[in-house]
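Taking it in order: structure first as structure tokens, then the write-up.
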Amino acid sequence: MTETFQNRERKIISLLEEYYPSFKGGLVHYSSPFQLLVAAILSAQSTDKQVNAITKELFSKFPDPQSFSSSSLLEIEQAIASVGLYKNKARFIYNLSLCLIQDYNSEVPTTLDELVKLPGIGRKTANVLLNDWFEIHEGIAVDTHVKRISFRLGFTKNTNPEKIEKNLMEIVPQDKWGCITHLLISHGRAICKAQKPKCNACFLLSDCPRKGVIEK
């Protein structure tokens, strides 16, 4: 990594922090690591808005692994039916609850290796939980916004989320592994959209290597 690239990367992160100082994640209704884990499962191929619309009532009825595991799959499906892929997600949540009860004394593990062994939990969801709840920075959560903007800014040439995560971990200071996801998501929602990005309004334009490509 050249000194010029390091300086550009540091400048970009600093600008993102300046413009998006308060965003901590789009999921809002949870009061335990287990509930955040469930909300993150629900958010796959669904919007945060869709998930937030059901989680307050959902966690009032099913606050912990015991309450989910003692319910039927049909009950869980009915409670989350407004989010995408709800049948698969209901099965993941049910099996996750059983696994936590049987293998972890109902406690959510706090390492990436253990989390990705749980039903329905991939690296992205595990990193969301570790960074946002436990403030343990083992990796970086890569969603569609992070993937797109990392490529556009020249942080990666890859399209595979795990390879993108590895590239980001090499250039982003570890104490910012948690916030970089939220910063890039904020920028993706506000300016660097998938379709018709607002390049002329972008405060990163002078540091964007693809500005001449995506403006057209």
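Ordering Asp113, Asp64 from the fewest to the most neighbouring beta carbons within 10 Å gives Asp113, Asp64.
The dipole here belongs to the stretch 1-129: it is taken about the Cα centre, uses +1 on the Cβ of Lys and Arg and -1 on the Cβ of Asp and Glu, and is about 340 debye. Applying 1/(1 + (r/R0)^6) with r as the Cβ-Cβ distance of Asp103 and Phe134 and R0 = 22 angstrom yields a FRET efficiency of 0.75.
Note on Lys124: aspartates and glutamates with a C-alpha under 14 Å away, same-chain residues under 8 apart excluded, are Asp113, Glu114, Asp132, Glu138, Asp143, Glu162, Glu165. Please work out the Cα center distance from the stretch 79-127 to the stretch 179-212, rounded to the nearest Å. Between the Cα centres of the stretch 79-127 and the stretch 179-212 lies a distance of 32 Å.
Run through every distinct alpha carbon pair of the stretch 33-134 and return the Kirkwood hydrodynamic radius in angstroms, one decimal place. Mind dumping the intermediate values first?
Details: mean 1/r = 0.0748 Å⁻¹.
Kirkwood radius, the stretch 33-134: 13.4 Å.
Across the chain the C-alpha pair distances fall into 10 Å bins from zero in the proportions 8, 33, 32, 19, 8, 1 percent. Over the residues of the chain, the helix contribution to mean residue ellipticity at 222 nm works out to -16500 deg cm²/dmol, using -39500 (n - 2.57) for each DSSP H run of at least 4.
Where a number appears in this text, it was derived from the coordinates with a stated rule and is not lab data. Because the structure is predicted, anything quoted here is derived from the model rather than measured. Every residue, glycine as well, gets a Cβ built from its backbone with ideal geometry; the counts of neighbours run over all protein chains shown.
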